[in-house]
Amino acid sequence: MMETIENNFDALVTALTLSITAPTDAKSAQAVEFADFFAAGMDAETVERAKEAALDASAAQYVSTMTGTA
């Protein structure tokens, strides 16, 4: 179940996660465009935190998919 997006940071994490897990290059590129939009105006430290959160989320999604716990 997807969590509620409450702010631009959450939206950025979601867009970055989608860019990593997208089933096609075209969908990944679209997610990157959204990520760029949400990252605009954020400082570099905040964007880096979002990147780390997206990597964690995509790794967790991968594990749950591979173990059948999705």
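The values are calculated or read from the model by the stated rules, or taken from the named source; none is laboratory data. Fair warning: this is a prediction, and the values are worked out from it, not measured in the lab. Counting neighbours? That spans all protein chains shown, and the Cβs are built from the backbone with ideal geometry, glycine included. Note: areas computed on protein heavy atoms with side chains; ligands, DNA, RNA excluded. Shrake-Rupley method; radii C 1.70, N 1.55, O 1.52, S 1.80 Å.
Considered as a group, the residues in the range 31-70 that are modelled with pLDDT under 90, not β-branched (V, I, T) and not in a helix (DSSP H, G or I) include one that is surrounded by the fewest Cβ atoms within 10 Å (Cβ to Cβ), and that residue is G68. Among residues of the range 45-67 that are without any contact (Cβ under 8 Å) to a residue 40 or more places away in the chain, those with a beta-carbon under 8 Å from a residue that is among the small types (G, A, S) at least six positions away or on a different chain give the pairs V47/A39; S64/A70.
Scanning the range 5-30 for residues that are surrounded by 15 or more Cβ atoms within 10 Å (Cβ to Cβ) and either hydrophobic (A, V, I, L, M, F, W, C) or on the phi > 0 side of the Ramachandran plot (or both) yields F9, A11, L12, V13, A15, L16, L18, I20, A22. Within the range 1-26, residues that are polar (S, T, N, Q) and at pLDDT below 95 reach partners that are part of a helix (DSSP H, G or I) and open to solvent by less than 30 Å² (accessible area, probe 1.4 Å) with beta carbons closer than 6 Å, at six or more positions or on different chains, in the pairs T21/S58.
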